[in-house]
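Trainee: Below you'll find the structure I mean.
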Amino acid sequence: MSAAEELYEVTLVVNGVPRSATVPARRLLSDFLRHDLELTGTHVGCEHGVCGACTVLVDGRPIRSCLQFAVTVDGAEVTTVEGCTRPDGELGPVQQAFRDCHGLQCGFCTPGFVTTITAYLEENPAPTAEEAREAIAGNLCRCTGYQNIVASVLRAAELRAEEP
Amino acid sequence: MTTRSFGEPIARLEDPRLLTGRGRFLDDIGHRALAAAFVRSPHAHARIADIDVTDAVDVEGLVAIFTHDDLDGRAGEPLPLLIPHEALTHGRTGYALAKDEVNHVGEPIVMVVATDRYVAEDVCARIRVDYEFLPPVVGIEAAREAELLVHDDVPGNVAAHMVQQNGDVEAALAAAPHVLELDLDIERSASTPLEGRGVHARWDPDDASLRVYTSTQASTSVRAALAARLELPLDRVEVVAPDVGGGFGVKIVHPWPEEVLVPWAAIRLGREVKWTEDRREHFVGATHERGQLQHVEVGFDDDGRLLGLDVTVWHDNGAYTPYGIIVPIITTTQLLGPYKPGAYRAEFFSLYTNTVTVTPYRGAGRPQGCFAMERTMDAIAAHLGLDRTVVRERNFIRPDEMPYDHGLIFQDGRPLVYDSGDYPATLDKLKKLIGWDEFEAFRAEARAAGRRVGIGIACYVEGTGVGPYEGGWVKVETDGTVVAATGLTTQGQGHRTVFAQVVASELGVPVDRVVVTTGDTRRFGYAVGTFASRAAVMSGNALASAARKVREKALRVAGEALEADPRDLEIVDGVVRVTGSPAGAPGASIPLATVAVLANPLRYAFDREAERATQFGGPVDFSKPPVAEGDSPGLEDTGFYSPPRSTFANGMHAAIVETDPDTAEISILRYCVVHDCGTLINPRIVEGQIHGGVAQGVGGALYERMVYDDAGQLLNASFMDFLMPYATEVPVIETDHLETPSPLNPLGIKGAGEAGVIPGSAVLASAISDAEGFAVTRMPISPSDLFSLRLARESR
């Protein structure tokens, strides 16, 4: 019998809630979130960091969760698409903007866009259309042709600005 | 207030779930399932000499290793050839696990089941397969030359040879004042949905039933195929398409090897088993499309009118033909577009190569056909010195010539007859939208600034809504919720919204009261699938029919309760009322929810509402049985729609490009679309479909190709190297619509799903040719390709 893998307890604060699981060192953050914590909103589209569907915020910064081991971010604060809602569970501004602008079709890449745009608008709350397109240019979508996602970025900026 | 949402650009009902991470895609279910992984062939063509698992069996967490020898009964037979055709004389399909020979890189050879995917892949890495190498056939030229064979028993590598003809082409060409010949080349691309394939299977040994979740475009047919292959009674097999992360054609293929093996293993092991495809597997283990060589010979008069058109296509079908020869049939019938070709002859050879199998990808042979026809139109215009739109207009089928019979047989096995369309009006709108007549001024201005620009146009007609049929089921629940189901699947088209719009409008209820289920054989067992831009046409009309029957029954039951003639009743906002009566008028109305209660005579009251339907619950006509003869309990019904033939949508695209005189970089400055898919159910969703299609068209024209080396290795099998467009590669898309209703179906709708992608390569080749001053005949075209073309011309 080959030796059993050594396991590590990993604790993350996910969407404000401390969550722990015991996993091997090679467990990817994406798999940790999806299969150990069963937060399946984060999707995996390529497993090599190109498509951006697995983007989550680690301590507020967007990262590709398929390129990180869970153990390397032990103790971090993680925001996933499930955490981009309002406190009452209603759609958050980026999510609402996607609905308003038909910014999604199959919805598989969408969580990565929502997290990416959430982080981007923190940095640049009032982007131009050109900046909005540039902001999403690291994420792949096969359904929408991006036009309505660009519109969603602009709409999300409006919705955020309207908030008290 | 109106409850009619049909035709309105309402926001999608499925979005809140998908936006908050509550979607359920294949890999989101079955967290405790065993995981499968596959040893796939690293060679394009080889015999399997030996499979050695000695080093693998000790891995902790391993549950099972299966090879072809383990596949008992029909599971070990070749996979089905889904669409047989008499011209497909040498159809071949693979096995679920390779038996003796592999014919492309990526073909599955060994299945490993383990406690998780990491372990399963550890095991795969320790399994040694010995191969005897065979020389591979790579590329259409090599397949055509046939010095080497893919399958020993398929001479010339020819799976199928087919000729369709209408008129005497040889005579027409011989008599034509002008004849041109074109040689054209389109490379491979692929559907490449963001979610790959995946299968989850659960066997219940207690009632001997199987439930399979699969990321498919055809759950009812997967069910039938699995029941047959696993030798189970159909009613013991359920197949559910959960949320599907894009399909674009590839997921219409079934049963995939993995789709047979995962349920087979689940039964054999008595455990839940799941397989989620990774990206590299998708590139080498799913399917591709597009690759064709074409030869066109066209005869025309001095005005550019077609007299004869002779087209030969060499179609690369890859290693196997599980989906038959649908793609080249579509190419050779749909390339005619909006034109009258004069005498027409189309011949194709469908050829085997040792590469990934070819099956439909959005557009399904039409982009290649459109490329052939539109390159031909541009060539005629260039030859005669005519405006490209003028040549096209002169060859259009006129609106008063509809229905127009091309005298050919389409992909559905039925006559190629266009039902409706106004091509001159479409062209007119497009010319205005892009500013066709003002372009020369812009070109001169750009030229003066040292810039090189060009404008292009391409037209297409798309057969949509192909049969044989779809069905729909509609039921009003006793709380007033309307539940509806159709068997075909959904993978991003917004079916839950558009079908809810159809049902809500037919029935007279608010759209948010309608809950639609698709692709779940537990809810609706009869269906064909989602492909060929058919879902809205087929299931839309089927659900409309079911909803109309439910409405009729609701009026009848309400009429009895209100003591009114059903003909005097209407349903508004979920309330049946005497037509025109004010809301809340006593005795003049009854909620649909209550009608649903009354429609189901009960003995037992399970809640307060149900009390009204029990035997002592109200006045009863003792002369009649509680359920009338020929009637059935409940406010529900089923409808089917089966069209005599396909309905034909059309559209035209124009693009303005800029090519860098030094670097040959190609930029799209403007991209305009005029589109006619008949009556629109939801304009916003149709527009989204067009946007997505255009992005794929741009990808296919400028970026995407499958790069095979001579050994049959796919060199760019990752998103790092296969250049799928990002937001920065897709232009802003300007759209305009015409709505020419289809006379073939009650809702007047035509399909819209594939439209956007069809003219992509054609319109960009047209624009680049216009910018460069020479004809582009091979797509996709990269800056390097364009640079080489320039060098080749300069050195001539």
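Only the coordinates and a few stated rules stand behind these numbers; no lab work does. Just so you know, these numbers come straight off a predicted model, no measurement behind them. Note that we place each Cβ from the backbone using ideal geometry, even for glycine, and neighbour counts take in every protein chain shown.
Trainee: If each DSSP helix of 4+ residues adds -39,500 (n - 2.57) and the sum is divided by the residues in chain A, what number results at 222 nm, nearest 500 deg cm²/dmol?
Mentor: Numbers: 4 runs with 45 residues, N = 164.
My calculation for chain A gives -8500 deg cm²/dmol from helical runs alone.
Trainee: Here is a further query. Determine the shape class of the protein assembly as shown: with a ≥ b ≥ c the square roots of the Cα gyration tensor eigenvalues, call it rounded for a/c under 1.5, and otherwise prolate if a/b is greater than b/c, oblate otherwise.
Mentor: Details: a/c = 1.41, a/b = 1.13, b/c = 1.25.
Taking the square roots of the gyration eigenvalues as a ≥ b ≥ c, the protein assembly as shown is rounded.
Trainee: Then there is this: For B:E440 and B:F787 in one chain, what is 0.36 nm times their gap in residues minus the Cα-Cα distance, to one decimal in nm? Provide the component values of the computation, followed by the final result.
Mentor: Working: separation 347, 0.36 × 347 = 124.92 nm, distance 2.44 nm.
Roughly 122.5 nm would be gained on extension.
Trainee: Please list, by residue number, everything in the stretch B:275-305 whose backbone N is under 20 Å from a paramagnetic label point 7 Å out along Cα→Cβ of B:D168.
Mentor: B:297-301
Trainee: List the GluC sites (Glu not before Pro) within the stretch B:44-124 that DSSP assigns to loop and that have no more than 16 neighbouring Cβ atoms inside 10 Å.
Mentor: Numbers: sites: B:E60, B:E86, B:E101, B:E121; in loops: B:E60, B:E86.
When the GluC sites (Glu not before Pro) of the stretch B:44-124 are filtered for loop state and at most 16 Cβ neighbours within 10 Å, B:E60, B:E86 remain.
Trainee: Let me know the shape class of chain B, please: from the alpha-carbon gyration tensor, a ≥ b ≥ c as square roots of the eigenvalues, rounded when a/c is under 1.5, otherwise prolate if a/b is greater than b/c, or oblate. Don't jump to the answer; show the numbers that get you there.
Mentor: Numbers: a/c = 2.05, a/b = 1.22, b/c = 1.68.
Oblate, because a/c is 1.5 or more while a/b does not exceed b/c.
Trainee: Could you list, bin by bin from short to long, the percent of Cα-Cα pairs of the stretch A:7-83 in 5 Å steps?
Mentor: Percent of Cα pairs in each bin: 4, 19, 32, 29, 14, 3.
Trainee: Show me A:140-149, B:384-393, A:63-72 ranked by packing, highest mean number of other Cβ atoms within 10 Å first.
Mentor: Working: A:140-149: 28.0, B:384-393: 17.8, A:63-72: 20.0.
Top to bottom by mean Cβ count within 10 Å: A:140-149, A:63-72, B:384-393.
Trainee: Please report the spacing between the Cα centers of the stretch B:547-595 and the stretch B:1-47 in Å, no decimals.
Mentor: 39 Å
Trainee: Select from the stretch B:512-618 those GluC sites (Glu not before Pro) which occupy a DSSP coil region and have at most 10 other Cβ atoms within 10 Å, ordered by residue number.
Mentor: Values: sites: B:E552, B:E560, B:E563, B:E570, B:E609, B:E611; in loops: B:E563.
Qualifying residues, ordered by number: B:E563.
Trainee: To one decimal place, what Kirkwood hydrodynamic radius in Å is obtained for the stretch B:680-730 from all pairs of distinct Cα atoms?
Mentor: Numbers: mean 1/r = 0.0789 Å⁻¹.
Hydrodynamic radius (Kirkwood, Cα only) of the stretch B:680-730 equals 12.7 Å.
Trainee: Separate question: Full-extension gain between B:T93 and B:D736, please, as 0.36 nm times their residue separation minus the C-alpha to C-alpha distance. Can you show the working numbers first?
Mentor: Working: separation 643, 0.36 × 643 = 231.48 nm, distance 4.34 nm.
The B:T93-B:D736 span can extend by a further 227.1 nm.
Trainee: Based on the Cα coordinates of the stretch B:467-641, what is the per residue volume of their convex hull in Å³?
Mentor: In the stretch B:467-641, the Cα hull volume divided by residue count equals 125 Å³.
Trainee: Please compute the Cα-Cα pair-distance distribution of the stretch B:431-542 with 10 Å bins starting at 0, giving whole percents from short to long.
Mentor: Percent of Cα pairs in each bin: 13, 32, 17, 11, 14, 11, 2, 0.
Trainee: Find out how many positive minus negative residues lie around B:G73, taking Lys and Arg as positive, Asp and Glu as negative, among other residues whose Cβ is under 10 Å from that of B:G73. Don't skip to the answer; put the middle values down first.
Mentor: On the way: positive: B:R74, B:R229; negative: B:D72, B:E77, B:E231.
Result for the local shell: -1.
Trainee: A further question on this structure: With a/c under 1.5 counting as rounded, go ahead and sort the stretch B:363-402 into rounded, prolate or oblate using the C-alpha gyration tensor (a ≥ b ≥ c being the square roots of the eigenvalues; past the cut-off, prolate if a/b is larger than b/c, else oblate).
Mentor: Values: a/c = 3.54, a/b = 1.10, b/c = 3.23.
Taking the square roots of the gyration eigenvalues as a ≥ b ≥ c, the stretch B:363-402 is oblate.
Trainee: Any idea what the relative contact order of the stretch B:467-641 is, in percent, if you count C-alpha pairs under 8 Å spaced at least 6 apart? Could you put the intermediate results ahead of the total?
Mentor: On the way: 342 pairs, mean separation 51.3, N = 175.
It rounds to 29 percent for the stretch B:467-641.
Trainee: Over chain B, what is the relative contact order in whole percent, taking alpha-carbon pairs under 8 Å and six or more residues apart?
Mentor: Details: 2003 pairs, mean separation 123.7, N = 796.
So the answer I get is 16 percent.
Trainee: Distance in nm between label sites at A:E130 and B:L384, each 7 Å beyond Cα in the beta-carbon direction?
Mentor: If labels sit at A:E130 and B:L384, their model points lie 4.3 nm apart.
Trainee: Relative contact order of the stretch A:7-83, please, whole-number percent, based on alpha carbon pairs below 8 angstrom and at least 6 residues apart.
Mentor: On the way: 157 pairs, mean separation 29.1, N = 77.
Result for the stretch A:7-83 is 38 percent.
Trainee: Continuing with the same structure: Kindly flag which residue pairs out of B:K475/B:K624; B:K340/B:K750; B:K553/B:K750 have an alpha-carbon separation exceeding 26 Å in this structure. The partial results should precede the final answer.
Mentor: Working: B:K475/B:K624 24 Å; B:K340/B:K750 21 Å; B:K553/B:K750 29 Å.
Listed pairs above 26 Å: B:K553/B:K750.
Trainee: Let me check I've understood the local charge: for B:A142, count other residues with C-beta under 11 angstrom from its C-beta, Lys and Arg +1, Asp and Glu -1. What total comes out? Let's see the in-between values first.
Mentor: Numbers: positive: B:R144; negative: B:E141, B:E145, B:E147, B:D316, B:D710.
Taking every Cβ under 11 Å from that of B:A142, the sum is -4.
Trainee: For the Cα atoms of chain A, what angle does the longest principal axis make with the long axis of helix A:147-162, in degrees from 0 to 90, nearest 10?
Mentor: Value to nearest ten degrees: 80.
Trainee: While we're looking at this one, here's another question. Specify the angular offset, from 0 to 90 degrees and rounded to the nearest 10, of the alpha carbon long axis of helix A:110-123 from the longest principal axis of the alpha carbons in chain A.
Mentor: With both axes taken from Cα atoms, the answer is about 70 degrees.
Trainee: Neighbouring Cβ atoms within 10 Å as the yardstick, rank B:Y526, A:Y120 fewest first. Don't jump to the answer; show the numbers that get you there.
Mentor: Working: B:Y526 15, A:Y120 21.
Least to most surrounded, the residues fall as B:Y526, A:Y120.
Trainee: For the stretch B:130-257, with equal point scatterers placed on the C-alpha atoms only and solvent neglected, what are the log10 I(q)/I(0) values from the Debye formula at q = 0.12, 0.13, 0.16 1/Å, to two decimals?
Mentor: Taking Cα atoms of the stretch B:130-257 as identical point scatterers yields -0.82, -0.88, -1.00.
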